[in-house]
Amino acid sequence: MRREKSFRGINERLARVYLENLGGEVEEDGDVSGDGWEASLSSEKVSIGPTVELTEITVVFEGDEETLDSLVDEFSQKAMRAGG
């Protein structure tokens with residue numbers, strides 16, 4: 001199974017740290033793999049209004065459905081950022 005999610009307010013380095021904290025290991029190509037799952041990351045700048053740009057990280061998770069349900073939920077909680 002494959003799931004793709006995008007997050008704003010974090011960078012690729014921090015996303016990899018979160019994935020490592022969830023049991024993953026960073027590969028030479030920058031992808032992260034764990035027991036029964038893999039994640040690849042990419043980033044791009046996105047415009048928010050006429051003058052503000054944010055980094056948007058896209059994470060493609062691959063693995064069995066049961067593993068991904070938990071992994072994606074836990075990663076999303078770690079990656080969530082609140083303004084203020």
*Are there any pairs with C-beta distances below 6 angstrom linking a residue in the stretch 16-30 that is over 16 Å from T58 (Cα atoms) and basic (K, R) to a residue that is at pLDDT 95 or above and outside any loop (DSSP other than H, G, I, E, B), with the two at least 6 apart or on different chains, and if so which?*
none
*Would you mind listing the strands (runs of 3 or more DSSP E) fully within the chain where at least 2 residues are out of contact with any Gly (no Cβ under 9 Å at 6 or more places or on another chain)?*
2-8, 37-48, 52-63
*Within the stretch 34-57, track down each residue that is within 16 Å of S70 (Cβ to Cβ) and surrounded by 13 or more Cβ atoms within 10 Å (Cβ to Cβ).*
G34, G36, W37, E38, A39
*Hey, G23 hits all of (1) in contact with a Ser or Thr (Cβ under 8 Å, 6 or more places away or on another chain); (2) under 16 Å from D69 (Cβ atoms); (3) open to solvent by less than 60 Å² (accessible area, probe 1.4 Å) but one; which does it fall short on?*
(1)
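Would you say S47 is hydroxyl-bearing (S, T, Y) and out of contact with any Lys or Arg (no Cβ under 8 Å at 6 or more places or on another chain)? Walk me through it before giving the result.
Working: hydroxyl-bearing (S, T, Y): yes; out of contact with any Lys or Arg (no Cβ under 8 Å at 6 or more places or on another chain): yes.
Yes, satisfied.
The values are calculated or read from the model by the stated rules, or taken from the named source; none is laboratory data. Predicted, not measured: the structure shown is a model, and the values here were computed from it. Note that each Cβ is placed from the backbone with ideal geometry, even for glycine, and that neighbours are counted across all protein chains shown. Surface areas here come from the heavy atoms of the whole protein model, side chains and all, with no ligands, DNA or RNA. Shrake-Rupley method; radii C 1.70, N 1.55, O 1.52, S 1.80 Å.
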